[in-house]
1. Assess whether Glu32 counts as being of a type outside the set (A, V, I, L, M, F, W, C), surrounded by fewer than 10 Cβ atoms within 10 Å (Cβ to Cβ) and over 28 Å from Leu179 (Cα atoms).
2. Residues of the stretch 46-87 being in contact with a His (Cβ under 9 Å, 6 or more places away or on another chain) and in a loop (DSSP other than H, G, I, E, B), which ones?
3. How many residues are assigned to a loop (DSSP other than H, G, I, E, B) and crowded, with 16+ Cβ neighbours inside 10 Å when one looks only at the stretch 113-157?
4. Conditions: (1) within 30 Å of Asn120 (Cβ to Cβ); (2) among the polar types (S, T, N, Q); (3) not assigned by TED's automatic domain parsing to the domain that holds Arg141. Asn71 meets all but one. Number of the miss?
5. Name the pairs: first residue in the stretch 4-26 and in the same structural domain as Lys36 (by TED's automatic domain parsing) and surrounded by 13 or more Cβ atoms within 10 Å (Cβ to Cβ), second residue assigned to a loop (DSSP other than H, G, I, E, B) and of a type in the set (S, T, N, Q), Cβ to Cβ under 7 Å, at least 6 apart or on different chains?
6. Is it the case that some residue within the stretch 54-67 is more than 21 Å from Gln167 (Cα to Cα) and exposed (fewer than 10 other Cβ atoms within 10 Å of the Cβ)?
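The values are calculated or read from the model by the stated rules, or taken from the named source; none is laboratory data. Since we're looking at a predicted model, the values are computed, not measured. Positions of Cβ are generated from backbone atoms using ideal geometry, with glycine treated the same way; all protein chains shown enter the neighbour counts.
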Amino acid sequence: MRCKNCKDKFEPKRFNWKWCDKEECNNIGVDETLSKARKQLEQKKRLEKAKAKESLLTHKDYLKLLQTAFNAYIRKRDEGLPCVSCGKEPPFDLAAGHFYSAGNYSFLRFNELNVHGQCNAHCNMFLGGNIHEYRKRITNRISQEDLKWLDDNCHKELRLTINEIKQLINKYKNMCRALK
């Protein structure tokens, strides 16, 4: 076997040792081994910290994470399309505008038929969603039947378990990645 550092032939004392007995080479070997062990320990600590942090999350925290993933997907899906409310052409700061409010327990909060790309500053924030214009133009993106379904289901309550929320977070993150 040849030394990883000086390339001289040597007989390893351990099955996984790649450095000869010269002090310089041996020190390099020890440093690399210690560095590798430190990295593994740091990674283990990061994983433990992430698990501990996740165990502290509440249902409401998970809903916020889902909202972030869902909105990112909607913005990516509708990138390049005009604002659903005013028809303004890009470029503009795109928001995920809800046709029916995204209240905490709204059944339609994470429904893709209910949420479309909207200019953030003007329609979504300044005009509070610009709902009258939104209703006029929403049928450019969804069918009349879908709009009727939204109207019929707008008052239902959404009840998701933490596991269901985690699945939806993964779903929307994966869908967003697929669009990139």
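1. Numbers: of a type outside the set (A, V, I, L, M, F, W, C): yes; surrounded by fewer than 10 Cβ atoms within 10 Å (Cβ to Cβ): no; over 28 Å from Leu179 (Cα atoms): yes.
No: the conditions fail for Glu32.
2. Asp78, Leu81, Cys83, Val84, Ser85, Cys86
3. Taking the stretch 113-157 and keeping what is assigned to a loop (DSSP other than H, G, I, E, B), we get 113-114, 127-130, 141-143, 154-156.
Filter again for crowded, with 16+ Cβ neighbours inside 10 Å, leaving 113-114, 127, 129-130, 142.
Residues meeting the conditions: 6.
4. Condition not satisfied by Asn71: (3).
5. What qualifies is Trp19/Asn5; Cys25/Asn5.
6. Step one: list which residues in the stretch 54-67 are more than 21 Å from Gln167 (Cα to Cα), which gives none.
No, every residue in the stretch 54-67 fails to be more than 21 Å from Gln167 (Cα to Cα) and exposed (fewer than 10 other Cβ atoms within 10 Å of the Cβ).
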